Structure formats: structure tokens, C-alpha cells
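What follows is one structure encoded as C-alpha cells, with my remarks underneath.
The values are calculated or read from the model by the stated rules, or taken from the named source; none is laboratory data. All of these numbers come straight from a predicted model, not from anything done at the bench. So basically every Cβ, Gly included, is an ideal-geometry build from the backbone, and we count neighbours across all protein chains shown. Remember, those area values only see protein heavy atoms, side chains included, never the ligands or the DNA or RNA. Shrake-Rupley method; radii C 1.70, N 1.55, O 1.52, S 1.80 Å.
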Protein chains: 4
Amino acid sequence: MAAEPGYLTEKQAVLTRLRRIEGQIRGLQRLVDEEQYCIDILTQVSAATKALEGVALVLLDQHLEHCLTHATDPAEAQQKLNEASAAIRRLVRS
Amino acid sequence: MAAEPGYLTEKQAVLTRLRRIEGQIRGLQRLVDEEQYCIDILTQVSAATKALEGVALVLLDQHLEHCLTHATDPAEAQQKLNEASAAIRRLVRS
Amino acid sequence: MAAEPGYLTEKQAVLTRLRRIEGQIRGLQRLVDEEQYCIDILTQVSAATKALEGVALVLLDQHLEHCLTHATDPAEAQQKLNEASAAIRRLVRS
Amino acid sequence: MAAEPGYLTEKQAVLTRLRRIEGQIRGLQRLVDEEQYCIDILTQVSAATKALEGVALVLLDQHLEHCLTHATDPAEAQQKLNEASAAIRRLVRS
């Protein structure tokens, strides 16, 4: 299953985004530790959440593109689509 | 403004959650670096997003509770409420 | 409990928003019935969802403002806050 | 573009869902008009929002399935995917 992942073309961009998000989370710990103003912390939490959703959307695009361009077997294509659909569901609900 | 933050009672719990989320973000970098299956990565992104929203909800609760129990000056109470309202708006939209 | 609701000052504005959303939902039925392009329908679904969230945010503001300005009994204030917190949770997760 | 929409197989199910949501929105107007308890109204708003997201997810599934099974021209497939991606983005952010 992992033999030929669909998101490879954006691998470096995704890693860069994740490292930036890791920095945001560490920044949040500092803000909480310093007991900064709650609303300012919340603003940073929202920014990190949005950044994570951005990563999800890139990964999803890559997966769907891969499905579309590499699907030869209809059953496999349908299964990949079902997985994508469940992932979108989790994203929209999260 | 930061003199008397409203979320102090949950400070350690919030820090623990944030450290766990930092671990999740590092785990995500590993999954991407190893080119794991895209859908599995997306599942972990959703989990981290939900965990971040959990932190936001705790911070918001603490802020609202603080507003309610410490508000003496009506103008200040109204201002804090407006800030909370804007923060909720960002959360719901993020 | 319903004796003195907290959102009254915006009642007409909320009703107007809801009537507009009802129109959006009827418009969606027409688009689906006429088999319009799926993506165009999705755009309208997102618009209606956003409009509903807008109603929720107004109601929530009014509730919180009411809590803050009318809370005399601390136990009652705490209970109202717990309810507001649960409502925010449902909103963020929905 | 509208010649051959992708969601047809679920048309009746989607219409039924939308009619039920229309009923929910009318119910909300009644609750507001009767000045019911704010938190109870918010619960119903969240339910309607979730129901609308459910409609969006069905439409999206149908669109993606249609893309996958009917895409013959790569350029057209890519364009449809871009549209789907933008629609997912709006959904996740809404």
C-alpha cells in the first residue's frame, strides 16, 4: 500500500509546513508558560489549526490527483476514493 | 493586561496537551519523510487538529469563566466578551 | 428557564437571517432538481453553512452577554457558562 | 458543463435531505419567535449545520466518483479535480 504514495511531488513543501507548525506549537507552550493574555494565545491556536488544515488540503489534493492519474483497476480506484471520502469527512468534522 | 490571566488554573494541563501535540507534529514529519500512505497521514493530521481545538476550548472556557467571575467594571466585561466572541468566531471558521 | 431569554435584542435580525437561509435551502433543492453542476451546488451549500454559523455566533454572543450582565447567583452563572461551553464545543466540531 | 452532472445517482436522497433541512430551518424560526432558551436553539442550529455538511459530503463523493470513472481527457480530469479541491477547501473552512 505504501509502495507508491501519492503525495511525493509536494514532500519537501509539506515537511517545511510541518516544521513551521512545530515551531508554532512550541511558541504556544512559551505563551502559556509565560501566562500571556488568553485571547492572544487563542489567536495563535487558530493560526496553527489553520496551518494544519492547509497541510491536510495539500495531502488530499495529492492523493486525489494520484487516484485520478494512476487508477487503472476500477475496484482499486473505488477503494481509494472511499478512503479519500472518509478522510474528507474527518477533516470537515474536525 | 497580562497581569491576571484567566486560564491559570489549567496551565499545567494545557502545557501537557501542547507537548503531546508537538509530538504529534513531529510524528507527522516522520510519516511524510518515510512516505507513508497519504490517507494514514491525513488521519494523524485530523487527530492533531482535533487536539489543538481541544486546547482552544479549554482556554476559552477559562477565559469566559474568568470574565464572569472577575468582571466588576461593566465596560471591561463587555470588552472581554467582545474579544471572546471574536476568538470563538476565528475558532468556528478555522 | 425560557422566562427571560438572552438573545431578545437581536430577535428580528436572527429571524431575518433564518428566513434568508430558508430561501437558500429552497434554492439548493431547485439546483439539485435541475441537475445543475455539482460544484456550483457545493458552493451554495458552503454559503448556507456559513450563514447558519453566523446565526449561531449571534445567538452565542447574546447568550454570553446575558450571562455576564444578568448573572447574580454564582451557581447559576457557572451553569449557564457550562451550557455555553458545551454549545461552543458543538459549534466548533460541527 | 451541466450536460452530465455527477451526482445524479443520489438525486432523490439529496432532495430528501434538503427538504428535511428546510424543515429544520423553519423549526428554528419558530423557536426564535417563541423566544425559547438560547442554548436549545443553538443545539438545533448545530444539527442543521451538520445536516448541511452531510449533503455537501454526498455531493462531493458523487463528483469525485464521476471524475474518476468518466475522466477520459487528462486536462479535463485535472480541471475537475481543481474544482473539487477548491470545493473541499471551502467546506473545511466553512
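D:Leu15 meets all of the listed conditions (1) surrounded by fewer than 21 Cβ atoms within 10 Å (Cβ to Cβ); (2) at pLDDT below 95; (3) more than 28 Å from C:Val92 (Cβ to Cβ) but one, namely (2). Cβ separations smaller than 8 Å between residues 6+ apart or across chains give the following pairs from the range D:74-94 residues that are touching a residue at least 12 places away in the same chain (Cβ under 8 Å) to residues that are of a type in the set (Asp, Glu): D:Leu81/A:Asp61; D:Leu81/A:Glu65; D:Leu91/D:Glu53. Of all residues in the range D:12-27, those being among the hydrophobic types (A, V, I, L, M, F, W, C) and free of Cβ contacts under 8 Å to residues at least 12 places away in the same chain number 1.
Taking the listed residues B:Glu4, B:Glu34, B:Glu76, the one that is open to solvent by 10 Å² or more (accessible area, probe 1.4 Å), among the acidic types (Asp, Glu), modelled with pLDDT of 90 or more and out of contact with any Leu (no Cβ under 7 Å at 6 or more places or on another chain) is B:Glu34, with no other qualifying. The combined condition, being modelled with pLDDT of 90 or more and in contact with an Asp or Glu (Cβ under 9 Å, 6 or more places away or on another chain), is not fulfilled by C:Thr9. Comparison of A:Arg89, A:Arg93 shows that the only residue that is under 15 Å from B:Ala48 (Cα atoms) and more than 7 Å from chain B (Cβ to nearest Cβ) is A:Arg93.
Beta carbons closer than 7 Å, at least 6 apart along the sequence or on distinct chains, pair a first residue in the range D:28-45 that is more than 17 Å from C:Glu83 (Cα to Cα) and within 7 Å of another protein chain (Cβ to nearest Cβ) with a second that is open to solvent by 50 Å² or more (accessible area, probe 1.4 Å) and outside any loop (DSSP other than H, G, I, E, B) for D:Leu28/D:Gln44; D:Gln29/C:Arg19; D:Glu35/C:Leu8. Where helices (runs of 4 or more DSSP H) fall wholly inside chain B, the ranges with 1 or more residues that are closer than 24 Å to A:Gln62 by Cβ and of a type outside the set (Val, Ile, Thr) are B:11-33, B:38-70.
For the range D:57-78, the tally of residues that are aliphatic (A, V, I, L, M), within 11 Å of chain C (Cβ to nearest Cβ) and farther than 14 Å from D:Lys11 by Cβ stands at 3.
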